[in-house]
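Heads up, the thing below is written out as structure tokens.
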Amino acid sequence: MILVSYDISNDKTRTKLSKFLNKFGRKLQYSVYEIHNSPRILQNVLNEIESKYKKKFEAADSVVIWSICEGDKKKTIRYGCAQNEEKDVVVFS
């Protein structure tokens, strides 16, 4: 799992980054995304930020990416609707 948090002052750049991250994961909060990853997806995200967004960042802008290993993922505690994200869904028809 990857967590991506950003604080970008330019509305256009922030919106484009948000739409890009939405392709790979889900929004946890306004500027935080959770991405279920593989090494390939992580590299795609890093490459895109490096090549497309980094040059648009202003001095106070930031993007932080955490790569969460399976062991730490199992230690994650979720409340509210977030607790249902990791549960299996069973459908009876």
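No value in this document is a laboratory result; all are computed from the given coordinates. Just so it is clear, the model here is predicted, and its values are computed rather than measured. We place every Cβ from the backbone using ideal geometry, glycine too, and count neighbours over all the protein chains shown.
Which pairs, out of LYS23/LYS73; LYS16/LYS73; LYS12/LYS75; LYS55/LYS75; LYS27/LYS55, put more than 31 Å between their alpha-carbon atoms? Cα-Cα > 31 Å for LYS12/LYS75; LYS55/LYS75; rest within. Calculated on the alpha-carbon coordinates, the convex hull of the chain measures out at 133 cubic angstrom per residue. Amide H contacts of LEU28 (H built 1.01 Å from N, in plane; Pro and chain starts excluded): TYR33, GLU34 sit under 5 Å, all sequence-distant by 5 or more or on other chains.
Once the Cα-Cα distance is subtracted from the 0.36 nm per residue extended length, the SER38 to LYS75 segment shows a gain of 11.4 nm. Amide H contacts of ILE68 (H built 1.01 Å from N, in plane; Pro and chain starts excluded): ILE2, LEU3 sit under 5 Å, all sequence-distant by 5 or more or on other chains. Qualifying GluC sites (Glu not before Pro) in the range 40-70, where qualification requires a DSSP coil assignment and no more than 11 other C-beta atoms within 10 Å, comprise GLU58. Between SER9 and LYS23, residue separation times 0.36 nm minus the direct Cα-Cα distance comes to 2.9 nm.
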